């Protein structure tokens, strides 16, 4: 018997159907020599500090750094997880072979390996590695199963990442909280989270320190064309006035006229970050939402695997492109011209050296129907980008005209699209103007030496501060470790040193919002005072530097390629944490006060009594900041009829809007989540009774609501 373990029930169902395992059992499908079971998200996690030593349950500076001799894993404390794990464990122990059908990426590999490790599997393991969930892709994958050992480096990189995040996150958060926090405040520090916040704070400080200055420019109109003086901006109105008078005394003369034909290259196919950037620019979707929409499209078999960081396709996909384009019937008007000729094997699209485990995100060719608006929009972005990649390049004519008035040089530039090429795919879009990019403007023909009257004028302006980050520009900055890069080639080169992974960046940004270190105003992201205080408190550059964190990320990628040892990486992190702990313990920086996030770990030790102090007003708690009281690791989300854990499928916590005949107020919900009980409520009705009673609603130890 062969046991297949899929990443979620829906994928298991598809695989079981294809394999002929059509008999539904408790927690798995069976038939045709296969048993197909599933996980749903992370079943295992690294052990928590208190799992190693009881004393590590409490936050004390003297216990830092916490460095376990060996890192262990444990099952997540969730009844649904434990029940399904028991099914997997039983099947694995009785089978002849295991087929790992987990998500084909680093995180998916880690989830499945930890489950098999916990289940004490000793059977041979094969790996299903596919880039889409279509029936054909699954069949092809089972016909070409890999040896699981081929992915040992991927697993090592996933383990190293998890251990690294534990070492730094657990130690640095406790270290800074106990050293600089006041009361029961948590100062959260993370390997990727903190340098991301540092980038936002640095930009915020530039904006805050910026002093706008007035400037003046000399311009003139000659033959209905505006020319700008090619000199430094003038700093006073007086100088500008004198310049204007000078210009009025001399004719305008053309000194150079140059017209060059050029090309605008096709946009690259999407990796996850580029898709999140585009969706944020066009529709203001958050990175987290775009990831959800594209993941849904993947599970609906409409696009290929989305959590990728390459914009290229493998060369073996070239023969399949025409078939995919033909199947994209809603876009027939756009695909007709490229299907009329053989599909070119472009080096900007196909390159095996730029593809590792997965290729860029492209459509599968399956017909998209009944999609919600958000998913339809994201699908359209992917579909049009795929089509545009095979269109001819856009041909343009760039014109540069130089002139002079007396001794003052002037310049005008123009651009004309000669052949739209790939821009036809986006003909209905409002063109997005990049900073410094020339707008389309046709200039008349000028002759060198011609001269004539002109109309000079003064343009007055003000210098503008640096632009705040949007989610789009922040994602780009994370990808390039803080370097502002527009060029696609340079962006590719910097990817290996980016901070975070494409699949985790959205969650990092959401975490910063949730902890109220950053806030959004319209599309712009600003650091809160809390976020700025936290970064100011951290003196250690390694924690804040995007570039240095990028080098850690590069080492993780090298582990994935088998070019760096996991043990070396782990030892380097241990040494860094030890040095950081020593440095922070021996230094005195300012103590800061933060609004509390999730309820902090309880301090159960007896403490000496202190003189009572006047009570400070309690910080307000907003509905948006509430954490799930059950799993304590995900935020609460508002549904149609209830609040529920964002990770509801695993955690299962739910709090209805209405209980015992009463609609709960925001305050009652907040009290129930943060204090475990409400104040007294009148008019409650017990199920099966018409009598009204008065009482408190209480969250019991099983996280169910009862009358207290």
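The values are calculated or read from the model by the stated rules, or taken from the named source; none is laboratory data. Quick caveat: nothing in here was measured; it's all calculated off a predicted structure. Cβ sites come from the backbone with ideal geometry, for glycine too, and all protein chains shown count toward neighbours.
Values as computed for the structure displayed
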quantity: Search result, residues across segment 29-52 that are over 23 Å from residue 647 (Cβ atoms) and in contact with a helix residue (DSSP H, G or I) (Cβ under 8 Å, 6 or more places away or on another chain); calculated: 29, 31, 32, 34, 35, 36
quantity: Candidates 148, 137, 156, filtered to the one that is out of contact with any helix residue (DSSP H, G or I) (no Cβ under 8 Å at 6 or more places or on another chain), closer than 21 Å to residue 355 by Cα and at pLDDT 95 or above; calculated: 148
quantity: Tally, over segment 284-295, of residues that are touching a helix residue (DSSP H, G or I) at 6+ places or on another chain (Cβ under 6 Å) and in a helix (DSSP H, G or I); calculated: 6
quantity: Failed item in (1) buried (at least 16 other Cβ atoms within 10 Å of the Cβ); (2) over 28 Å from residue 512 (Cβ atoms); (3) at pLDDT 80 or above, with residue 660 passing the rest; calculated: (3)
quantity: Hits in segment 638-651 (condition: in contact with a helix residue (DSSP H, G or I) (Cβ under 9 Å, 6 or more places away or on another chain) and either closer than 21 Å to residue 707 by Cα or assigned to a strand (DSSP E or B) (or both)); calculated: 638, 643, 644, 645
quantity: Positions within segment 317-356 being without any contact (Cβ under 8 Å) to a residue 40 or more places away in the chain and either in contact with a helix residue (DSSP H, G or I) (Cβ under 7 Å, 6 or more places away or on another chain) or buried (at least 19 other Cβ atoms within 10 Å of the Cβ) (or both), in sequence order; calculated: 322, 326, 339, 345, 350, 352
quantity: All positions within segment 686-708 that are within 18 Å of residue 631 (Cα to Cα) and modelled with pLDDT of 75 or more; calculated: 698, 699, 700, 703, 704, 705
quantity: Extreme residue, modelled with the highest pLDDT, among residues of segment 435-447 that are under 22 Å from residue 259 (Cα atoms) and loosely packed, with under 13 Cβ neighbours inside 10 Å; calculated: 447
quantity: Any helices (runs of 4 or more DSSP H) falling wholly within segment 309-394 and containing at least 1 residues that are closer than 30 Å to residue 557 by Cα and within 22 Å of the chain's Cα centre (by Cα); calculated: 373-388
quantity: Residue 274 assigned to a helix (DSSP H, G or I), without any contact (Cβ under 8 Å) to a residue 24 or more places away in the chain and out of contact with any strand residue (DSSP E or B) (no Cβ under 7 Å at 6 or more places or on another chain); calculated: no
quantity: Members of segment 458-473 found to be touching a helix residue (DSSP H, G or I) at 6+ places or on another chain (Cβ under 9 Å), closer than 30 Å to residue 248 by Cα and loosely packed, with under 13 Cβ neighbours inside 10 Å, listed by number; calculated: 460
quantity: Filter result for residue 146 (buried (at least 16 other Cβ atoms within 10 Å of the Cβ), without any contact (Cβ under 8 Å) to a residue 40 or more places away in the chain and touching a strand residue (DSSP E or B) at 6+ places or on another chain (Cβ under 9 Å)); calculated: no
quantity: Residue match in segment 166-177 (condition: touching a strand residue (DSSP E or B) at 6+ places or on another chain (Cβ under 9 Å), touching a residue at least 12 places away in the same chain (Cβ under 8 Å) and assigned to a helix (DSSP H, G or I)); calculated: yes
quantity: Verdict on residue 579 being under 17 Å from residue 499 (Cα atoms) and either out of contact with any helix residue (DSSP H, G or I) (no Cβ under 7 Å at 6 or more places or on another chain) or crowded, with 20+ Cβ neighbours inside 10 Å (or both); calculated: no
quantity: Single unsatisfied condition, residue 222 versus (1) over 45 Å from the mean Cα position of the chain (by Cα); (2) surrounded by fewer than 22 Cβ atoms within 10 Å (Cβ to Cβ); calculated: (2)
quantity: Sole residue being touching a strand residue (DSSP E or B) at 6+ places or on another chain (Cβ under 6 Å) and within 16 Å of residue 386 (Cβ to Cβ), chosen from 339, 346, 297; calculated: 297
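Conditions tested, residue by residue: (1) modelled with pLDDT under 95; (2) on the phi > 0 side of the Ramachandran plot; (3) not in a loop (DSSP other than H, G, I, E, B).
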| site | (1), (2), (3) |
| --- | --- |
| 41 | yes, yes, no |
| 59 | yes, no, no |
| 68 | no, no, no |
| 80 | yes, no, yes |
| 85 | no, no, yes |
| 117 | no, no, yes |
| 122 | no, no, no |
| 126 | no, no, yes |
| 131 | yes, no, no |
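Results for (1) surrounded by fewer than 16 Cβ atoms within 10 Å (Cβ to Cβ); (2) at pLDDT below 80; (3) assigned by TED's automatic domain parsing to the domain that holds residue 359, shown as yes or no for each residue.
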residue: 452; (1), (2), (3): yes, no, no
residue: 484; (1), (2), (3): yes, yes, no
residue: 488; (1), (2), (3): yes, yes, no
residue: 495; (1), (2), (3): no, yes, no
residue: 502; (1), (2), (3): no, no, no
residue: 509; (1), (2), (3): no, no, no
residue: 516; (1), (2), (3): no, no, no
residue: 521; (1), (2), (3): yes, no, no
residue: 527; (1), (2), (3): no, no, no
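Condition check ((1) touching a helix residue (DSSP H, G or I) at 6+ places or on another chain (Cβ under 6 Å); (2) in the same structural domain as residue 300 (by TED's automatic domain parsing); (3) surrounded by fewer than 14 Cβ atoms within 10 Å (Cβ to Cβ); (4) closer than 29 Å to residue 340 by Cβ) across all residues:
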| position | (1), (2), (3), (4) |
| --- | --- |
| 358 | no, yes, no, no |
| 373 | no, yes, yes, no |
| 379 | yes, yes, no, yes |
| 421 | no, no, no, yes |
